[in-house]
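What follows is a short report on a single structure.
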C-alpha cells in the first residue's frame, strides 16, 4: 500500500471483515475471478472471496444457486449510444435481457454466471464502462446532474469534474479499503437533482465574491446516508472552486479512510464520524490535509425536483430539447435500450441519460424532430407522459434477486401504482418509494410515502407486510419521513394508500404539496387512518 493503514494499530477495534480486507485487497478478486473462478466454476469460490466479489461490482443473486447480479458505473448518469448497445448486448447474452436503472444512475444486470464475467468485464471495458467498485467498501458510482452540459438550470457543466474524480478513485488502491461503502454526488443544478443530503460527500452549486469577482463553485456536504439510522449531510463552511473539487474529495475520503469507525460494520459509515465530530471539527481536520479554503458563499439551490424530468423540455442551446421518459419501477430490457440507442443516434446527440429516480432522458432532439421521437414505439411503454402515480413510484430490487430483502418489491410497487392511477384522480404527483429491507436502496426515507417491507408471522402463517412512513423531502427544510405504527399486509397496502391520498386531496390548501400538507397537519391523521384501516 502507498499509505500507512493507521487503523490497524489496535486490532481490537476491527470487525471480522476488516481482517478479510487486510489479508487480500478487494480489488485483487477481479484477477482471481478472471484467472481462477471463471475457469473452475461457482463451487470453487471460498466465502471470503465471495464477499470480495463486491469490489468487482458483483453480488450473489438470490437464491445463491450460481447466478450473480452486477452493477455498472454510469458516471453522472450519462452514457453514449455505443455504451448503451454494449450494455444491451451483455444483457441479451448473459442476463436474460433484463436491465434495471438504479437509484444511483447505474445499470444493473441479473442472471450472470461466474464463467461469463471475464467476457462481460472485457465488453464493458471495450466501451469505456466498468463494474469495478460499483459495490464494496470503496468510492462507488458518482451520481450527478444527468443534464450536465445541456441544462438551463446549471451554473456550470460538471461532466469533466465527475470524470476527473471518478478517474482518480477508480481502482486506486490508496482508497480501496474504506470502513464501508462511500457515495459521492457532484451537481451544479439549482434543483439539487443529485440528492446531496443523502450522500457521504456532495458538492452543490454556489457563488462567492473573491477579489471583487463573482466566482462560480461549490458548497460541500458530508455525512449523509440512509439505512437503519438515516442522517442528513452537514454543510462545511468552505467554498470550492471547480478546479479544487478533486482536492477536497481526496481530503474527505482520506479522513474517512483513516478515522472512520471499523469496529462494527453497522456503525462504519462516514455519517457516524461526522455526527460525533461535528462539521467544525471535520472542517479543521480537512484543512489540515488540503490547506486553507475560502469560507462558504451563497448557495444557488432554489428547490428540489426529486430528479424527475417527464416530458419535453428546452435545453441550454436554442432549438434543442431533452425528453424525460418514465421507466416503470426502473425496470427495462435490452431490446428497449437498443431502440433508445437508435433514437438517440437518429434524432438526438448520441447520449442516453439515467436519473436518480430510475428513469431515462433522451437529449439533443431538434424542435422539428420532437414529434418523430414521440411517435417511436418504445415510448409507448417508456412514456414521456406517464400516469401520475406510476411516474413517481420507485422500488429497490426486492427479494426476487436480493438476498437482503425480505419481501418482493418491484411487482408490488407496480401494482400499487397501477391501482392508484385507476382509482384516484389527482393533479399533484405523490412520490412513493418501496424497499425490501432496512438498507433502503430504494431511498424510502425521502419519499412522500415510504414503504419498508417486513415479514409478519401469525397463527395463519407468514405474510408480506409493510411499515408506512409519510412526509419526506430533500432541499430546503430537508426532512426524513416519519414511520407510523402498524404494519399493513402487502395485498391491501394499495387500498390504505388510496385513503391517505384522498385525505390529502380533500383537505389540502391550494398549491400545497403532500410534504407541506403532512408538515401542516402532522402525522396524527394518517396514524388514525392507518389504525382504523387495520381495525376494520
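What about residue 288, is it assigned by TED's automatic domain parsing to the domain that holds residue 186, under 24 Å from residue 203 (Cα atoms) and not in a helix (DSSP H, G or I)? Criteria not met by residue 288. Here is the figure for the stretch 450-469: residues that are within 23 Å of residue 507 (Cβ to Cβ) and touching a helix residue (DSSP H, G or I) at 6+ places or on another chain (Cβ under 6 Å) total 1. Within the stretch 256-277, the set of residues being touching a residue at least 12 places away in the same chain (Cβ under 8 Å), surrounded by fewer than 20 Cβ atoms within 10 Å (Cβ to Cβ) and part of a helix (DSSP H, G or I) comprises 258, 259, 265, 266, 275. Can you name every one of the helices (runs of 4 or more DSSP H) wholly within the stretch 433-536 that holds 2 or more residues which are more than 24 Å from the chain's Cα centre (by Cα) and over 30 Å from residue 302 (Cα atoms)? Fully inside the stretch 433-536 and qualifying: 493-507, 524-535.
Quick grid of which residues meet (1) surrounded by fewer than 23 Cβ atoms within 10 Å (Cβ to Cβ); (2) over 25 Å from the mean Cα position of the chain (by Cα); (3) closer than 25 Å to residue 154 by Cα:
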site: 320; (1), (2), (3): yes, yes, yes
site: 324; (1), (2), (3): no, no, yes
site: 330; (1), (2), (3): no, no, no
site: 333; (1), (2), (3): yes, no, no
site: 340; (1), (2), (3): no, no, no
site: 355; (1), (2), (3): no, no, yes
site: 362; (1), (2), (3): no, no, yes
site: 367; (1), (2), (3): yes, yes, yes
site: 376; (1), (2), (3): yes, yes, no
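A count restricted to the stretch 83-109 and to residues that are free of Cβ contacts under 8 Å to residues at least 24 places away in the same chain and either assigned by TED's automatic domain parsing to the domain that holds residue 336 or under 14 Å from the mean Cα position of the chain (by Cα) (or both) stands at 0. Being under 28 Å from the mean Cα position of the chain (by Cα), touching a residue at least 60 places away in the same chain (Cβ under 8 Å) and part of a helix (DSSP H, G or I) is the filter; apply it to the stretch 26-51 and report the residue that is farthest from residue 178 (Cα to Cα). Per the criteria, the residue is 33. Of all the criteria given as (1) modelled with pLDDT under 95; (2) closer than 22 Å to residue 419 by Cβ; (3) crowded, with 16+ Cβ neighbours inside 10 Å, the one not satisfied by residue 518 is (1).
Of all residues in the stretch 379-417, those that are outside any loop (DSSP other than H, G, I, E, B) and more than 19 Å from residue 453 (Cα to Cα) total 6.
Residue check: is residue 228 assigned to a loop (DSSP other than H, G, I, E, B) and either in contact (Cβ under 8 Å) with a residue 12 or more places away in the chain or not assigned by TED's automatic domain parsing to the domain that holds residue 287 (or both)? When the stated conditions are applied, residue 228 passes them. Among the residues of the stretch 64-82, those identified as outside any strand (DSSP E or B), over 18 Å from residue 144 (Cα atoms) and touching a residue at least 12 places away in the same chain (Cβ under 8 Å) are 64, 66, 81, 82. Selection over the stretch 411-431 of residues that are surrounded by fewer than 22 Cβ atoms within 10 Å (Cβ to Cβ) and more than 14 Å from residue 493 (Cβ to Cβ) gives a count of 8.
Every condition in (1) part of a loop (DSSP other than H, G, I, E, B); (2) over 30 Å from residue 346 (Cα atoms) is met by residue 96 except one, and the failing one is (2). What number of residues within the stretch 53-63 satisfy the criterion of being over 16 Å from residue 181 (Cβ atoms), touching a strand residue (DSSP E or B) at 6+ places or on another chain (Cβ under 8 Å) and assigned to a loop (DSSP other than H, G, I, E, B)? Residues meeting the conditions: 1.
Just to be sure, is residue 48 at negative phi and either in contact with a helix residue (DSSP H, G or I) (Cβ under 7 Å, 6 or more places away or on another chain) or modelled with pLDDT under 95 (or both)? So residue 48 passes the test. The numbered conditions (1) in contact (Cβ under 8 Å) with a residue 24 or more places away in the chain; (2) surrounded by 12 or more Cβ atoms within 10 Å (Cβ to Cβ) are all true for residue 23 except (2).
The values are calculated or read from the model by the stated rules, or taken from the named source; none is laboratory data. Everything quoted here is computed from the prediction, not taken from an experiment. Every residue, glycine among them, receives a Cβ derived from its backbone with ideal geometry; neighbour counts consider all protein chains shown.
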